Structure formats: C-alpha cells, structure tokens
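See below for the structure under consideration.
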Amino acid sequence: MRYSSRREAILEVLRNTKEHPDADTVYEKVREKIPNISLGTVYRNLRELGESGELNTLETEDGSTHFDADTSRHAHFVCKGCGKIGDLFGYGDVADALEHAGYKVECVKTVVYGLCPECARKQKDCDPSLS
Ligand SMILES: [Zn+2]
Ligand SMILES: [Zn+2]
C-alpha cells in the first residue's frame, strides 16, 4: 500500500461528511477501510493536511479540533445543545472586503455558538416562560 493511499482514505472520509468530525471519529471511519492504520498515523496526516491547507481545521471551545474537507471560506456554528457543527456560507465577504482594502487574509475562522433550530425548539418546549 502506497503511503499516499492512507492520506487519500482520510481525505475521502472527510469529503463524505458534513459533520466536521474530530480525529478520533475520523480514525474510526478510516479503520473501516484500512483496519491496521494507527491512531498516530491518522493524527499525523490530519495535522499535515491541515498545515498544507488541504483541510480546514476548527478548534471549538471545549478544546477539541474538528476537520473539514471544505476549504472554501466559511464560518461555523456550534450547537451547545447537541454539539452539531454546521456550515455558514456567505461570511467570506468579510475577508474579501479586507483583501480589497489591501490586507492579506490567510484564513477565516469564525465560530458562532448557540442552539441549532431543533435544540432551540426543544428548549422552548421545556420552558413555558419562553413561549
Ligand atoms: Zn442542537
Ligand atoms: Zn465547515
């Protein structure tokens, strides 16, 4: 097995999900394809792919790092209820405006915290004072 096929398998896992998994979750999924891959290999490849810009990395408030194969400029929404991470597009405009003004933008890492629509609805159902 070529060295690059591991990296390909890791990228493949991330391209097939929009859930922004952390390294442990990526490891579980990659193991379905390459059963003998080590957690260290997955961590190292994820770090290298992040450094080379082939993956978007996202650090959340709880200190965990999540990975995203979508490297276009976008912001993220982290739900404090269920932990789901969603994509928010259209926020790259800020970077475009800065570049227009002569700034060199390297990356945009906007993370918005709150409740997703389902969790917001649940909270409302539980708390009659909000309805
Ligand atoms: Zn939620
Ligand atoms: Zn994303």
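Considering 94, 111, 105, the condition of being under 15 Å from the mean Cα position of the chain (by Cα), closer than 24 Å to residue 56 by Cα and not small (Gly, Ala, Ser) is satisfied by 111 alone. Between 109, 104, 122, the distinction of being within 11 Å of ligand 2 (Cβ to nearest atom), on the phi < 0 side of the Ramachandran plot and open to solvent by 50 Å² or more (accessible area, probe 1.4 Å) belongs to 109 only. Would you say residue 19 is within 13 Å of the chain's Cα centre (by Cα), under 28 Å from residue 122 (Cβ atoms) and outside the structural domain of residue 123 (by TED's automatic domain parsing)? Yes. Annotation: of all residues in segment 35-56 being out of contact with any Ser or Thr (no Cβ under 8 Å at 6 or more places or on another chain) and assigned to a loop (DSSP other than H, G, I, E, B), the one that is farthest from residue 9 (Cα to Cα) is 52. (1) open to solvent by 80 Å² or more (accessible area, probe 1.4 Å); (2) in the same structural domain as residue 30 (by TED's automatic domain parsing): which one isn't true of residue 57, the others all being true? For residue 57, the failing item is (1). Entry remark, segment 68-87: residues being at pLDDT 90 or above and not in a loop (DSSP other than H, G, I, E, B) number 8 in total.
Do we find a residue being touching a Cys at 6+ places or on another chain (Cβ under 7 Å) and either closer than 21 Å to residue 23 by Cβ or not assigned by TED's automatic domain parsing to the domain that holds residue 15 (or both) anywhere in segment 116-127? The answer is yes, given that some residue of segment 116-127 is touching a Cys at 6+ places or on another chain (Cβ under 7 Å) and either closer than 21 Å to residue 23 by Cβ or not assigned by TED's automatic domain parsing to the domain that holds residue 15 (or both).
Looking for something assigned by TED's automatic domain parsing to the domain that holds residue 125, in contact with a strand residue (DSSP E or B) (Cβ under 7 Å, 6 or more places away or on another chain) and at pLDDT below 95 - is there at least one such residue anywhere in segment 91-99?
Within segment 91-99, the first condition is being assigned by TED's automatic domain parsing to the domain that holds residue 125, and the residues that meet it are 91-99.
From what's left, in contact with a strand residue (DSSP E or B) (Cβ under 7 Å, 6 or more places away or on another chain): 91.
With the extra rule that they be at pLDDT below 95, the set shrinks to 91.
Yes, the conditions are met somewhere in segment 91-99.
Restricting segment 18-45 to residues that are without any contact (Cβ under 8 Å) to a residue 12 or more places away in the chain and not charged (D, E, K, R), the residue that is nearest to residue 65 (Cα to Cα) is 25.
Evaluate the following for residue 83: is it within 16 Å of ligand 2 (Cβ to nearest atom) and in the same structural domain as residue 115 (by TED's automatic domain parsing)?
Values: within 16 Å of ligand 2 (Cβ to nearest atom): yes; in the same structural domain as residue 115 (by TED's automatic domain parsing): yes.
Yes; evaluated as a whole, the condition is true for this residue.
The values are calculated or read from the model by the stated rules, or taken from the named source; none is laboratory data. Everything numeric in this text was worked out from a predicted model, so none of it was measured. Here the Cβ is made from the backbone with ideal geometry for all residues, glycine too, and neighbour counts use every protein chain on show. To get the accessible areas, we keep the full protein, side chains included, count just its heavy atoms, and leave off ligands, DNA and RNA. Shrake-Rupley method; radii C 1.70, N 1.55, O 1.52, S 1.80 Å.
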